[in-house]
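Have a look at the structure below before the remarks.
The values are calculated or read from the model by the stated rules, or taken from the named source; none is laboratory data. Since the structure is predicted, the reported quantities are computational estimates derived from the model, not experimental observations. When we count neighbours, we look across all protein chains shown, and the Cβ atoms used for this are built from the backbone with ideal geometry, even at glycine. Heavy atoms of the whole protein, side chains included, go into the accessibility calculation; ligands, DNA and RNA do not. Shrake-Rupley method; radii C 1.70, N 1.55, O 1.52, S 1.80 Å.
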Amino acid sequence: MRKVSMSLVAAAALATAFGAGVAKAAGTIEIGVAGPMTGQYASFGEQLRRGAEMAVKDINAAGGVLGKKLKLEIGDDACDPKQAVAVANDMVKKKIVFMAGHFCSGSSIPASSVYAEEGILQITPASTNPKFTDDAATKGWKTVMRTCGRDDAQGAFAGPWLAKNFAGKNVANLDDKSAYGKGLADETRKNMNSAGLKEALNEQYTAGEKDFSALISKLKAAKIDVIYVGGYHPDAALIVRQAREQGLMAPLVSGDALNTAEFWTISGPAGEGVRFSDAASAIDMPSAQKVVAEFRKDKYEPEGYTLSTYAAIQAWAETAKAIKSTDGQKVAEAMRQKGAPTVIGNLNWDAKGDLTKVNYAWFIWKDGKYPQEK
């Protein structure tokens, strides 16, 4: 009886080990997306989440990555630097191998230290401050990349346009003191100055303010002809609305953080004619048609950073499959060497992890929508 018992025990142990091996082989690969899922910038968090969820759904439907399904972990940093670091540490505990995020530059930059230390590839679909990749390159980190442009490139697009179209006029350059807002305003001003136009007024405001009366009084006193805002959509919407209410009709120009329908919800008709710069829309590209149709079938318009988030995960997955590895260093190196086809086009990266080419365009708010200027 003892022999039989031992045989049964051995068989049971063997079966358990075999079962564990099968479970491991058929397990999941954890990846993450992080951004402001709550708070005043939650509309952008939804863009990142929607893009990530659709990418994971499509990749899993096509067989996953290296024979395993992807599991998406969602982190809410509320665009707060300290919370972003906490989210990054939590993602490490959850053993993610890839991060599509964060949204705010002020979150992506401190969180990058956590991911880089763990060798986790981080591709932000939205953080545009040059320091994100510049600082990483200085430190020798190779796992920091983006699927969006940089503030200096966007400033090089917007600054000369302001100088040309408002030559001899009074320009106000405003920013919200954030890594994104100040970075974009500084680069735009620098390029505008180089193109021959000096600003009449430089002012900063605090993000989240509700009453901009004092600021608008300064703008009126300086006889401002055009307002450039480096900041996010809630503040820009309130500034233009309150300016119109106080009789200041100067046009407002801004950057890519106005690419959400929520801008018009806040500004109302005062937002008519507001223009902002951003990467040329990918929605009408042949590479995006199938995915855009999927989103619209779900009654969601893939605006803003939705497709750049999808593209970040898509590029990572395709590269991981090609090199048969999810190792962050190896995937990042392969992406820099060979690029990747995505819904927003064929992407290529330089040594720092920045896109080698971003085509910028103007978008103008009209009747609650923001079509790209032709």
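What the table below lists for this structure:
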{"item": "Members of the stretch 123-142 found to be closer than 19 Å to Asp327 by Cα and open to solvent by less than 10 Å² (accessible area, probe 1.4 Å), listed by number", "result": "Ile123, Thr124, Ala136"}
{"item": "Counted residues, the stretch 189-216 - those being open to solvent by 50 Å² or more (accessible area, probe 1.4 Å) and part of a strand (DSSP E or B)", "result": "2"}
{"item": "Those residues of the stretch 82-103 which are outside any helix (DSSP H, G or I) and either farther than 23 Å from Leu307 by Cα or in contact with a Cys (Cβ under 7 Å, 6 or more places away or on another chain) (or both), in sequence order", "result": "Lys94, Lys95, Phe103"}
{"item": "Pairs where the first residue, in the stretch 104-125, is assigned to a helix (DSSP H, G or I) and the second is open to solvent by less than 20 Å² (accessible area, probe 1.4 Å) and β-branched (Val, Ile, Thr), C-beta under 6 Å, 6+ apart", "result": "Ser108/Thr124; Ser112/Val144; Ala116/Thr143"}
{"item": "The stretch 240-299, residues that are open to solvent by 30 Å² or more (accessible area, probe 1.4 Å), among the aliphatic types (A, V, I, L, M), under 24 Å from Gly149 (Cβ atoms) and not in a loop (DSSP other than H, G, I, E, B)", "result": "Ala279"}
{"item": "Selection status of Ile323, free of Cβ contacts under 8 Å to residues at least 60 places away in the same chain and hydrophobic (A, V, I, L, M, F, W, C)", "result": "yes"}
{"item": "Filter result for Gln204 (in contact with a helix residue (DSSP H, G or I) (Cβ under 7 Å, 6 or more places away or on another chain), of a type in the set (S, T, N, Q) and on the phi < 0 side of the Ramachandran plot)", "result": "no"}
{"item": "Answer from Asp235, Asp186 - the residue that is open to solvent by 10 Å² or more (accessible area, probe 1.4 Å) and outside any loop (DSSP other than H, G, I, E, B)", "result": "Asp186"}
{"item": "Pick from the stretch 143-160, criterion under 16 Å from the mean Cα position of the chain (by Cα) and part of a loop (DSSP other than H, G, I, E, B), ranking: surrounded by the fewest Cβ atoms within 10 Å (Cβ to Cβ)", "result": "Gly149"}
